[in-house]
Amino acid sequence: MTRAQQHISIAALLSSIYLACFMGFVPFPAKIQQDIIPVLPFWAIVSFGAYLLFKLGYGVLTFNDVPQAHKELMAQIDQARTELKAKGVEVD
Amino acid sequence: MAANALLDRLVGLAMLILASTVFLYYTTWTLLMPFIEDEFVQSFFPPRAWAVRIPVILLLLGGAVVGSFLSLVMIRSNRKKAAKAAQKAKAK
């Protein structure tokens with residue numbers, strides 16, 4: 001099963017469950033049915049956005065500089081630049 | 001170099017705090033407010049209709065921005081392609 005298939009099947013399952021609740025096929029207390037169920041998709045979207053932002057911020061917070069790798073990378077870039085120039089390709 | 005790392009960490013931390021605040025406020029607003037009758041607590045939250053309107057407006061705005069950026073890039077690239085083709089025809 002590919003990743004896309006997995007995601008799509010989970011999404012289909014959740015949407016059918018939600019649709020059943022939304023159309024009133026599941027007995028909920030009146031207050032929940034009226035006030036909470038219609039708002040759930042929006043809550044899910046906002047929470048998903050907040051989760052992504054959290055993950056981003058956490059990654060930025062815990063990202064450490066790697067001076068060794070930086071030096072290595074710069075050297076490799078210079079080497080590639082000279083090799084390409086020898087073959088007639090200009091790089092900025 | 002160290003100052004940049006500190007600034008990065010601050011940005012990451014700010015994103016983290018923002019994401020958590022948004023999540024907690026929105027969850028309380030949509031899922032908990034219907035059950036709380038206390039007027040003092042209710043005064044912290046706008047009417048619940050806005051809990052749906054604000055995400056929808058933001059989503060539409062975001063979609064419009066992404067769509068216009070995409071179309072701008074595509075138009076620019078097509079124009080460049082047409083200019084190149086015209087130049088080639090002229091050179092012939």
Within segment A:21-55, can you find the residues that are closer than 20 Å to B:Ala14 by Cβ, loosely packed, with under 15 Cβ neighbours inside 10 Å and either among the aliphatic types (A, V, I, L, M) or in contact with a Cys (Cβ under 8 Å, 6 or more places away or on another chain) (or both)? A:Leu52
Any pair with Cβ under 9 angstrom, 6 or more apart, that starts in segment A:27-40 at a residue that is over 22 Å from B:Ile54 (Cβ atoms) and ends at one that is part of a loop (DSSP other than H, G, I, E, B) and among the small types (Gly, Ala, Ser): A:Gln33/A:Gly24
Name the residue that is surrounded by the fewest Cβ atoms within 10 Å (Cβ to Cβ), counting only residues in segment A:56-73 that are small (Gly, Ala, Ser) and facing another protein chain (nearest Cβ under 8 Å). A:Gly59
Condition first: farther than 28 Å from B:Leu58 by Cα, without any contact (Cβ under 8 Å) to a residue 60 or more places away in the chain and at the interface with another protein chain (Cβ under 8 Å from one of its Cβ atoms). Can you find one or more residues in segment A:6-18 that meet it? no
Please work out if B:Phe45 is exposed (fewer than 11 other Cβ atoms within 10 Å of the Cβ), more than 27 Å from A:Gly59 (Cα to Cα) and of a type in the set (A, V, I, L, M, F, W, C). no
For segment A:37-48, does any single residue satisfy the condition of being farther than 18 Å from B:Thr27 by Cβ and assigned to a helix (DSSP H, G or I)? no
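Report those helices (runs of 4 or more DSSP H) wholly inside chain B carrying at least 2 residues which are free of Cβ contacts under 8 Å to residues at least 24 places away in the same chain, within 14 Å of chain A (Cβ to nearest Cβ) and small (Gly, Ala, Ser).
Result: B:2-27, B:49-91.
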Which numbered condition A:Ala11 misses (of (1) within 16 Å of the chain's Cα centre (by Cα); (2) not in a helix (DSSP H, G or I)): (2)
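Quick note: the coordinates plus some simple rules give every number you see, no bench work behind them. Keep in mind the model is a prediction, meaning the values are calculated, not measured. Positions of Cβ are backbone-derived with ideal geometry, glycine not excepted, and every protein chain shown enters the neighbour counts.
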